[in-house]
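Contents: one structure, followed by commentary.
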Amino acid sequence: MRWKNDDVPMFERPEISINYEITGSGPRVLFFNGSGATLKTTALLIGALAKTCTVLAHDQRGLGETSIPDGPYTMAQFASDGAALLDHVGWDTCAVVGISFGGMVAQEFAVSYPQRVEKLVLLCTSAGGEAGSSYPLHELGALPVEERAARITTLTDNRFTPEWLASHPDDAAMVAMRNEQATVPKSKETVKGEMLQLGARIGHDVCNRLHRVTAPVFVTAGRFDGIAPVSNSEEIVKRLPDATLSIYEGGHIFTAQDRRAIEDIRTFLTTGQRP
């Protein structure tokens, strides 16, 4: 192990250094983040889970403070990084939570290491294959900047037309914040890491392996999500031996739009009860 300047540990694997953190107290949770997301950009969500759980989260390969190994990357590699991190911190088993791309990794983890998963929470994600894939985000890079921003807005929540945003100031503020973040310049290395992650996402397909998951599963989705539509979550539930689905009033960021979502997730992680 080596340490960063701020005394935060870095976990060394062959060819990669993984930036991670452990926060909160309560049941142990391994958290997998979304596309392009880092510990910094998802601090609010991680903090919300850490109010009732001990959360182990990391910058996935190619992102944040974690190193950027040469690609291409595979979903199996992202899952393997999580398993190695559990070994590193001494957790044999734990609950696993994944959002969006992280939900894809969480599924890959759960079918590859089912004996290590106590509970599984999947947020706004897809299983791939016959169970449906999330929107191909890698295709957005070819669009002009303004068109790309507009497309991302309606994919995030298909209600988010200019007319809707004009009459819903809270939603408009969220969109403005996301658009502002998107204008922050990125280094070539950062862009490289994000593209390698999106490349791995293209090949995601656990559809015919979900039956391997033995833990209880709580699947959550936003009613107006254009990236991972509700139908994809329904297909996931069909293929799991012990799973339930809850649909919330929001889009791909429903955890920030419907406060019931975080409350229900924390209840499941701490008591096993699903709504």
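The values are calculated or read from the model by the stated rules, or taken from the named source; none is laboratory data. Computed from a prediction, not measured in an experiment: that's the story for all the values here. Every residue, glycine as well, gets a Cβ built from its backbone with ideal geometry; the counts of neighbours run over all protein chains shown.
This table checks each residue for (1) at pLDDT 95 or above; (2) polar (S, T, N, Q).
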site: LEU143; (1), (2): no, no
site: GLU146; (1), (2): no, no
site: ARG151; (1), (2): no, no
site: ASP157; (1), (2): yes, no
site: ASP170; (1), (2): no, no
site: GLN181; (1), (2): no, yes
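Of all residues assigned to segment 8-24, none qualifies as being at pLDDT 95 or above, within 21 Å of GLY272 (Cα to Cα) and of a type in the set (D, E, K, R).
Would you say THR74 is exposed (fewer than 15 other Cβ atoms within 10 Å of the Cβ) and within 19 Å of the chain's Cα centre (by Cα)? If you could, list the steps in order and put the result at the bottom.
Working: exposed (fewer than 15 other Cβ atoms within 10 Å of the Cβ): yes; within 19 Å of the chain's Cα centre (by Cα): yes.
Judged against the criteria, THR74 is a match.
Annotation note: Cβ proximity below 9 Å between a residue of segment 110-121 that is under 17 Å from PRO27 (Cβ atoms) and a residue that is aromatic (Phe, Trp, Tyr) and surrounded by 22 or more Cβ atoms within 10 Å (Cβ to Cβ) (sequence gap 6+ or interchain) occurs for ARG116/PHE109; VAL117/PHE109; LYS119/PHE218; LYS119/PHE268; LEU120/PHE109; LEU120/PHE218; VAL121/PHE218; VAL121/PHE268.
Being closer than 17 Å to VAL217 by Cβ and in contact with a Ser or Thr (Cβ under 7 Å, 6 or more places away or on another chain) narrows it down to one residue among ALA110, ALA79; which is it?
Working: ALA110 fails: in contact with a Ser or Thr (Cβ under 7 Å, 6 or more places away or on another chain).
Every option except ALA79 fails the conditions.
Only a single criterion out of (1) under 20 Å from TYR135 (Cβ atoms); (2) at pLDDT 95 or above; (3) not aliphatic (A, V, I, L, M) is not satisfied by LYS238, namely (1).
Close contacts from segment 52-64, counting a first residue that is touching a residue at least 60 places away in the same chain (Cβ under 8 Å) and a second that is surrounded by fewer than 23 Cβ atoms within 10 Å (Cβ to Cβ) and of a type in the set (Lys, Arg), with Cβ to Cβ under 6 Å and a gap of 6+ residues or different chains, come to THR52/ARG266.
For segment 16-56, name all the residues that are touching a Pro at 6+ places or on another chain (Cβ under 6 Å) and either surrounded by fewer than 21 Cβ atoms within 10 Å (Cβ to Cβ) or more than 19 Å from VAL89 (Cα to Cα) (or both). Break it down into steps so the answer makes sense when it comes.
From segment 16-56, those touching a Pro at 6+ places or on another chain (Cβ under 6 Å) are 16, 53; that's our starting set.
Residue satisfying the conditions is ILE16 alone.
Results for (1) within 25 Å of PHE160 (Cα to Cα); (2) surrounded by fewer than 15 Cβ atoms within 10 Å (Cβ to Cβ); (3) of a type outside the set (A, V, I, L, M), shown as yes or no for each residue.
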site	(1), (2), (3)
VAL175	yes, no, no
GLN181	yes, yes, yes
GLN197	no, no, yes
HIS204	no, no, yes
ARG209	no, no, yes
THR214	no, yes, yes
GLY226	yes, no, yes
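Being within 17 Å of the chain's Cα centre (by Cα) and buried (at least 23 other Cβ atoms within 10 Å of the Cβ) is the requirement here; does ALA110 meet it? Considered against the rule, which asks whether it is within 17 Å of the chain's Cα centre (by Cα) and buried (at least 23 other Cβ atoms within 10 Å of the Cβ), ALA110 comes out as yes.
Annotation note: of GLY90, GLY132, the sole residue that is at pLDDT 95 or above, more than 19 Å from the chain's Cα centre (by Cα) and on the phi > 0 side of the Ramachandran plot is GLY90. Taking segment 162-272 and the helices (runs of 4 or more DSSP H) fully enclosed by it, the elements with 1 or more residues that are of a type outside the set (Asp, Glu) and within 16 Å of the chain's Cα centre (by Cα) are at 188-202, 230-238, 254-257, 260-271. With the condition kept exactly as written, say whether any residue in segment 174-184 is in contact (Cβ under 8 Å) with a residue 60 or more places away in the chain and small (Gly, Ala, Ser). No, segment 174-184 has no match at all. Among the residues here, GLY128 does not qualify as in contact with a strand residue (DSSP E or B) (Cβ under 7 Å, 6 or more places away or on another chain), surrounded by 20 or more Cβ atoms within 10 Å (Cβ to Cβ) and either under 21 Å from LEU198 (Cβ atoms) or among the small types (Gly, Ala, Ser) (or both).
Quick one: would you say ALA149 is part of a helix (DSSP H, G or I), in contact (Cβ under 8 Å) with a residue 24 or more places away in the chain and farther than 19 Å from VAL121 by Cα? Yes. When ALA79, ALA57, ALA50 are screened for being among the small types (Gly, Ala, Ser), over 15 Å from GLY103 (Cα atoms) and modelled with pLDDT of 95 or more, only ALA50 passes. Of all residues in segment 126-146, which are free of Cβ contacts under 8 Å to residues at least 40 places away in the same chain and assigned to a loop (DSSP other than H, G, I, E, B)? Within segment 126-146, LEU143, PRO144 meet the criteria.
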